[in-house]
1. Condition first: within 30 Å of B:SER134 (Cα to Cα) and more than 7 Å from chain A (Cβ to nearest Cβ). Now tell me which residues in the range B:51-76 satisfy that.
2. Within the range A:161-192, take every residue that is open to solvent by 10 Å² or more (accessible area, probe 1.4 Å) and within 14 Å of chain B (Cβ to nearest Cβ) and give me the one that is farthest from A:SER233 (Cα to Cα).
3. Please find, among B:GLN179, B:GLN212, B:GLN139, the residue that is surrounded by 17 or more Cβ atoms within 10 Å (Cβ to Cβ) and outside any helix (DSSP H, G or I).
4. Across the range B:7-16, which residue is nearest to ligand 1 (Cβ to nearest atom) among those that are open to solvent by 50 Å² or more (accessible area, probe 1.4 Å) and among the basic types (Lys, Arg)?
5. Any residue in the range A:55-72 that is surrounded by fewer than 14 Cβ atoms within 10 Å (Cβ to Cβ) and in a helix (DSSP H, G or I)?
6. Do we have any residue at all in the range B:11-33 that's at positive phi and within 13 Å of ligand 2 (Cβ to nearest atom)?
7. In the range B:91-100, which residues are open to solvent by less than 30 Å² (accessible area, probe 1.4 Å) and either farther than 26 Å from B:ASP27 by Cβ or away from chain A (no Cβ under 14 Å) (or both)?
8. I'd like the full set of residues that are under 26 Å from B:THR115 (Cβ atoms), open to solvent by less than 20 Å² (accessible area, probe 1.4 Å) and assigned to a loop (DSSP other than H, G, I, E, B), limited to the range B:59-81.
Amino acid sequence: MRDVLRKRSGRGALAFFMGPSAALVVLFYFVPVILTFLIAFTSMGRTLLWDFIGLGNFARLFGIGARDPLVPRILVNTVVFTLGALPVTVIGGLLISVFSMRVRPGAGLFFRSVFFIPRALPPVVWGFLWAWSFEGTRYGLFNAIRSAVGLPIVQWLIRYPMIIVVLANGFLGISLAMLVFSAAIATIPRDLTRAAEVDGASEGQITRHIILPLLRWPILTMTAWHLMSFLNSYVYVMLITGGGPYYMTEVWSLYAYHMAFVQYRYGYGAAFVVLLVVVNVSLLLLVLRAFGMRRMLTRGKIEV
Amino acid sequence: MRVSVDRLTKQFRDVRAVADLSLEIRDGEFMALLGPSGCGKTTTLLTIAGFYKPTSGTILFDGRVVDNVPPRDRNIGMVFQSYALYPHMTAHDNIAFPLKLRRVPRQERETRIKTVAAMLGIEDVLPRRPGEMSGGQQQRVALARALVKKPGLLLLDEPLSNLDAKLRIVMRAELKRLQKDLGITTIFVTHDQTEAMTMADRIAVQHQGALQQVGSPEDLYRRPANLFVAGFMGTPPMNFLDVSLEATGDALVLRRESFRFSLPDPLKQSLGHLVDRKLILGLRPEDIEIKPEEASQAEVYVVEPLGREALVTVKVPGAMLKVLAPPHIQLQAGTHVGWHVMPDRIYLFDAGTEEALLVPGS
Ligand SMILES: Nc1ncnc2c1ncn2[C@@H]1O[C@H](COP(=O)(O)OP(=O)(O)OP(=O)(O)O)[C@@H](O)[C@H]1O
Ligand SMILES: [Mg+2]
């Protein structure tokens, strides 16, 4: 039956159903990527002239010949930012899921709703909330509280800029991680945790020996997902610190943005983007290879 | 371990899953908790295990109230209907899990795992994960995990229901033997009366949360306390006919349309006070005799050969009777048959209260 259907409708149906989305992907993903690749080999600036300069932009980026003194700092920032936000998201998501699903199931919905709010907010609002909370004057939320109890105000965004952007991004990631982990925990059969309890396990031991091992795939998936997400993220950094103070929170893609759209060095900015795309694709291949693409795409949420 | 369930009630919002259940389980006893689906067996078991708090009533282990003792401290072994093996652990690690939690030294742990695996014949599957085992193997591993910690009480929730018919019969005997050898107090939940009858020392029959009767398999079969128990115990189940008891002259007669059954003298005395009451007559399929008889109004509806005997459904005015007949009996659908019951084999129940009024041998 299936075979008959497949044979009869075959190619035509495939083209009909996949065509539009395939066209969109080509138009809005591949075309820009190709354009960016081309631009990366030009010295295109404000005048939008296609002056091909070979590997000039990349040479500069890698510090061969005329070097860009900011590149090492941006590289370090990107690594710190990504590796900082990743555990906040994954461990935070796990903690909240386990707490809201197992320890206090009653309060669970409330908790999950609270941590889902950031995802429902427009990015500008989320960024503004953080910027306002840590505003360095006494009008900022935390400084207002401090002044109210007589403490001196703190220049949060100058003293702890990286911690703040890491938390802002990490907390945002929690919403998705928490949703995925909670759904996975919900599918763990009740009898399994009951069996563990009869076997003498405490709530902590149940979490460690039963829940977490069963969440292996969701954890790996969310880690890979957010690793790539944070690596490419710049919106919230831009909204909260703008990359400052003096490039202290300037991450890779934000620098590319600044080069291209603030300094109008399109060619040089594009070189950063090209490198990021290369890193992304390599990471993606690595992840798919490590997890096994089939498994990742077809596996159920937990292994039962 | 001795278990006392004292006036246990468990209410879930609008459902009363267990209603005023009192039950005494002796040390070393094999008690079956028997009842149809949804009657509250699992709830009773989970309450005894400590997963549910009683709405009212108490549970005592060896005379000690355990209502506030969490499951992990009750020293129970449990096999769940789904087996609930940890899917990410091998059989060996599943069995080792309770011992590791108790910090049993490695050496002793391995010895105990080996012993229990040998006892249940699962040495071969120890390195495998649950996903790579058959249902019967999973069931044994689950049992091994429950037994390895030497519990004072073993709780089994329909452990045989996922097995095929043949394996179920094998495991029935093995489980019974194992329980006797180890002498662990065991509560066995099942909806299968054959399982309960064949394995248990005593059976507690539960219906809609309430306890109907407790007794030995023989007791429940011979002397059911009410219509529900009578209908539940025995396959094929007992036949029930609505009848009325009438006094005609000197005789007491059970009457139903054209059917009449004169009670013999000894019964006349004891049942005299029931005249004109609505009753239900209970007849076990094996107590009815049939033979071809042209003039009879009863006729064979269907014959199901079972090998050792034949199950014959007989259509009588207004009812169907199940009859176990010798296999060689020559009957076909449509044959008119006369049917006959020994007066000392009949059961009578009150049609209103459903209490048993007469059971054979009383
Ligand atoms: N956690 C619960 N919340 C609400 N109602 C429940 C809960 N557990 C059981 N019930 C209800 O209580 C009644 C008894 O359920 P229980 O699981 O004890 O039945 P059972 O005898 O084990 O049935 P089965 O043979 O189908 O397993 C059912 O009506 C069921 O719907
Ligand atoms: Mg049940």
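1. B:ASN75
2. Ranking the qualifying residues of the range A:161-192, first place goes to A:ASP191.
3. B:GLN212
4. So, considering only residues that are open to solvent by 50 Å² or more (accessible area, probe 1.4 Å) and among the basic types (Lys, Arg), the one nearest to ligand 1 (Cβ to nearest atom) is B:ARG13.
5. Within the range A:55-72, one or more residues are surrounded by fewer than 14 Cβ atoms within 10 Å (Cβ to Cβ) and in a helix (DSSP H, G or I).
6. No, the range B:11-33 contains no residue that is at positive phi and within 13 Å of ligand 2 (Cβ to nearest atom).
7. Correct list: B:ALA91, B:ASN94, B:ALA96, B:PHE97.
8. B:ARG74, B:PHE80
The values are calculated or read from the model by the stated rules, or taken from the named source; none is laboratory data. Keep in mind that this is a model prediction, so the values were computed, not measured. Cβ coordinates were reconstructed from backbone atoms using ideal geometry, including for glycine residues, and neighbour counts include every protein chain displayed. What goes into the accessible areas is simple: the full protein's heavy atoms, side chains included, and nothing from ligands, DNA or RNA. Shrake-Rupley method; radii C 1.70, N 1.55, O 1.52, S 1.80 Å.
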